[in-house]
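*Asks:* Dropping a structure here in structure tokens format, bear with me for questions.
Please treat every number below as a calculation from the coordinates, not as lab data. In this text the structure is predicted, and so the values were computed from the model without any measurement. No Cβ is skipped: glycine too gets one built from the backbone with ideal geometry, and neighbour counts run over all protein chains shown.
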Amino acid sequence: MSDKRSPDTPRNDADGDRKRLDDLETRLRAARSGPEQTPRPASMQREIGFAYRVLIEMAVGIGFGAFAGWWLDQWLGTRPILMVVMILLGFAAGMLNAYRASQAYSAAARSDRPDDE
């Protein structure tokens, strides 16, 4: 942040400091009285919640598949093979859950929409 004082201005310039503080206070008031943020509509909040749900289901499916594959590899001594297979199965399960959730969300959105006809 640049200091607008000239090099000849003493550091203990109380009047200059007061002017700068008043100017800062004026700018803060102007910024605070600007346009107020409107709350998100319920539909947007529902969509964001749905997106997080799909994201979490995908991550959990992949994470569980990775853990189960690693554990089975440790138990059976088949190093990376079961982990890769289980990650792919976890990904497929996550995709299936996301698809089912999106179908349910779409059906609910269609039933909530008023008929325009």
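*Asks:* How big is the Kirkwood radius of the chain, worked out from every pair of different alpha carbons and given in Å to one decimal?
*Replies:* Taking the inverse mean of 1/r over all distinct Cα pairs, the chain comes out at 20.5 Å.
*Asks:* In debye, nearest 20: dipole of segment 26-117 around its Cα centre with unit charges on the Cβ of K, R (+) and D, E (-)?
*Replies:* Here the size comes out at about 520 debye.
*Asks:* In deg cm²/dmol, rounded to 500, what helix-only [θ] at 222 nm does the chain give when every DSSP H run of at least 4 residues adds -39500 (n - 2.57) and the total is split over its residues?
*Replies:* -27000 deg cm²/dmol
*Asks:* How much length is gained if the chain between Asp13 and Ala51 is pulled fully straight, taking 0.36 nm per residue apart and subtracting their Cα-Cα distance, in nm to one decimal?
*Replies:* In short, 8.1 nm is gained.
*Asks:* When a/c reaches 1.5 or more, the comparison of a/b and b/c decides; with that in mind, is segment 45-112 rounded, prolate or oblate per its Cα gyration tensor?
*Replies:* Verdict is prolate for segment 45-112.
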